[in-house]
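Down below is the structure, laid out as structure tokens.
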Amino acid sequence: MSAAPQGKGFDCRNAYVETLEALAAEDPRIVAVVNDSVGSSKLNRFRDQFPERLVNVGIAEQNMVGVGAGLANGGKVPFVSGASCFLTGRALEQIKADIAYSNVNVKLCGISSGVAYGELGATHHSIEDLAWLRAMKGLTVIVPSDPWETAEAIRWAAGYDGPVFIRVSRMAVPALARPEGARFEAGKAEILRDGSDVAIIACGTLVHRALDAAEALAAEGISARVLNMATVSPIDREAIVAAAGTGAIVTAEEHVVRGGLGGAVAEVVVEERPVPMRVLGFPGFLETGSAEWLFERHGLTPAGIAAAARELIEKRS
Amino acid sequence: MGKAVATEEFVDARVADIRRRADWIRRQALTMAHRAKQGHPGGDMSCADILATLYSAVLRFDPANPQDPTRDRFVMSKGHCTGAFYSALAGAGYFPVADLETYLQPGSRLNGHPNRNYLPGVETNTGPLGHGLPVAVGMAVAGQIDAADFRVFALTGDGELQEGSMWEAAMFAGHRKLGNLTVIIDRNRLQQGAPTEDTNSLEPLADKWAAFGWEVADVDGHDPAALLELLSTPRGANGKPLCIIAHTIKGRGVSYMENQAGWHHGTPSDAQLAQAFAELDAELAA
């Protein structure tokens, strides 16, 4: 199903910019706002095609987000792009007051999210962003899993009237196999593989790893359901309750283990249908190492996910 | 040029009208703080003349169509001064004046800081300082891209200029030559607990804005004629943005509040409210 080997695959930034360029060609209201991040957001071609519609505020994230809100007020559909660590961390109060609380039509795109900047260290990792952002009601938070879903999410966001945060990965991911006619639906989990012994709920770069884990478990006779929970907020409560019906849930995300996807799933599980859970993610500020090395070290691998599922099943029996 | 006399009369009438509206805003704001037993009356009083000038003689808007794309935008960056701001909006016809009585009451649309989803006429939610100017800059950029003729005005506190985001926005507005943008600084020289110059000095303030690429004008922020002249002079969409340093007195119009940092927050007692009204009566009669 997800055959591309680790480290090879697609950089979702390409799907992001290609979709944005196509949308901008159709809709003159679309503008891009960046913090000196034309290159890292891969927006050079957008700038060349639509020079008037690329607003580069320089290295000033607070102003970037405020300017985005003002552009929306002026009738534009701004895609505010910057390294996720700076966009969300530096401008958190602007995201709260100017975007989410004001409820304006701005699309925030967190580029090179998670631990993509591995060796650059914890200042450049964006693994607290889901916890920060999903606390803000009204802000839709999407973590696409592959190029197709990135493109679909961007297209959906452009047509939706309201604030959206999309986490765009630069870490290579395979294109996931999907049934013919599959479509992205914000707020809805996608069942990529059905199963009855345990459910693995993942988002972003962990989805293909979850599928590989399910494949390994199947070889042992364990039937694992795999849910792609691309929309972390608002979360698909129904799908989680149904997943709890398997009797155990493992969550996996490129985020700290506090307050992200795992936290969101746990909130529903304890209220609606308590079952044993394991939350897989990062413990906190991380050591020096490449993104791939950090994933390995902290068990965010098919083997790590499968082991967590096995443990839960053993504990239950 | 017989017309000149008529124009002067017209301006005089307009200025007299602004004075009456500023007086009305002051009375409403004081009454609101008195009734709610909360508020920011010092800052309300210092910006009353500026708001009255904007809403009665400068801004292009239609309260019946608050989202009109061609409207001028006004951003209340000093979002805590809702006593004056809500009074100006109600006076301009955005919502019933009677709603002012609900200020800060449970469930009221008149929150301590303005919320655009509650009230027409509010462009962006402010309150935390340093937010309004960047949003105003974005509005001005939108107008510049579209070659639209609307203008954008932001009213900021002076203490607020200690926030770094204000200077990020100021730098970018200068760079983009946002001639359609005007910032008005309510320069009352007092922040919450102390003079700005004792806390983290702003001076030389005009030089700072000029260095950021802005045209700078100093004005008496309690002189409607001077404010009107500055604010109503047409400006192109491309050129230096305009920074008006409006020299004001915190608490202006109420003797016991004037230049008193303690009246940043505060609630006038019954007797204090009566005294304030008597002083405003005297000023209006003068």
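No value in this document is a laboratory result; all are computed from the given coordinates. Please read all numbers here as calculations on a predicted model, not as lab measurements. Virtual Cβ from ideal backbone geometry, glycine too; neighbours counted across all protein chains shown.
Observations on the structure shown:
- Which numbered condition residue B:144 fails, given (1) of a type in the set (S, T, N, Q); (2) surrounded by 18 or more Cβ atoms within 10 Å (Cβ to Cβ); (3) away from every other protein chain (no Cβ under 14 Å): (3)
- Condition met for residue A:223 (hydroxyl-bearing (Ser, Thr, Tyr) and without any contact (Cβ under 8 Å) to a residue 60 or more places away in the chain): yes
- Residues satisfying the stated conditions in region A:299-317, i.e. surrounded by fewer than 19 Cβ atoms within 10 Å (Cβ to Cβ) and part of a loop (DSSP other than H, G, I, E, B): A:299, A:317
Residue-by-condition table, conditions (1) assigned to a helix (DSSP H, G or I); (2) under 16 Å from the mean Cα position of the chain (by Cα); (3) in contact (Cβ under 8 Å) with a residue 12 or more places away in the chain:
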| site | (1), (2), (3) |
| --- | --- |
| A:95 | yes, no, yes |
| A:99 | yes, no, yes |
| A:144 | no, yes, yes |
| A:148 | yes, yes, yes |
| A:156 | yes, yes, yes |
| A:165 | no, yes, yes |
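- Qualifying residue in region A:107-119 (condition: within 12 Å of chain B (Cβ to nearest Cβ) and of a type in the set (Gly, Ala, Ser)): no
- Every condition in (1) within 14 Å of chain A (Cβ to nearest Cβ); (2) part of a loop (DSSP other than H, G, I, E, B); (3) farther than 24 Å from residue B:25 by Cβ is met by residue B:134 except one, and the failing one is (2).
- Enumeration of residues in region A:237-256 that are surrounded by fewer than 23 Cβ atoms within 10 Å (Cβ to Cβ) and among the acidic types (Asp, Glu): A:238
- Output for region A:37-58, where each listed residue is surrounded by 15 or more Cβ atoms within 10 Å (Cβ to Cβ) and among the acidic types (Asp, Glu): none
- Odd one out for residue A:268 among (1) free of Cβ contacts under 8 Å to residues at least 24 places away in the same chain; (2) surrounded by 15 or more Cβ atoms within 10 Å (Cβ to Cβ); (3) more than 26 Å from residue A:124 (Cα to Cα): (1)
- Counted residues, region A:167-190 - those being without any contact (Cβ under 8 Å) to a residue 60 or more places away in the chain and not in a strand (DSSP E or B): 12
- Filter pass, residue B:122 being more than 7 Å from chain A (Cβ to nearest Cβ), in contact with a Lys or Arg (Cβ under 8 Å, 6 or more places away or on another chain) and under 23 Å from residue A:63 (Cβ atoms): yes
- Residues of region A:59-82 that are surrounded by 24 or more Cβ atoms within 10 Å (Cβ to Cβ) and either of a type in the set (Asp, Glu) or more than 9 Å from chain B (Cβ to nearest Cβ) (or both): A:61, A:79, A:80, A:81, A:82.
- Leading residue by the ranking (farthest from the other protein chains (Cβ to nearest Cβ)) among those in region A:120-131 that are buried (at least 22 other Cβ atoms within 10 Å of the Cβ) and part of a helix (DSSP H, G or I): A:130
- Within region B:152-181, restricting attention to residues that are assigned to a strand (DSSP E or B) and within 11 Å of chain A (Cβ to nearest Cβ), the residue that is farthest from the chain's Cα centre (by Cα) is B:178.
Every residue, every condition in (1) buried (at least 18 other Cβ atoms within 10 Å of the Cβ); (2) within 13 Å of chain A (Cβ to nearest Cβ); (3) out of contact with any helix residue (DSSP H, G or I) (no Cβ under 6 Å at 6 or more places or on another chain), yes or no:
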site	(1), (2), (3)
B:69	no, yes, yes
B:85	yes, no, yes
B:94	yes, no, yes
B:104	no, no, no
B:116	yes, yes, yes
B:129	yes, yes, no
B:140	yes, yes, yes
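- Of the candidates B:186, B:149, B:218, the single residue that is out of contact with any Leu (no Cβ under 6 Å at 6 or more places or on another chain), outside any helix (DSSP H, G or I) and within 14 Å of chain A (Cβ to nearest Cβ) is B:149.
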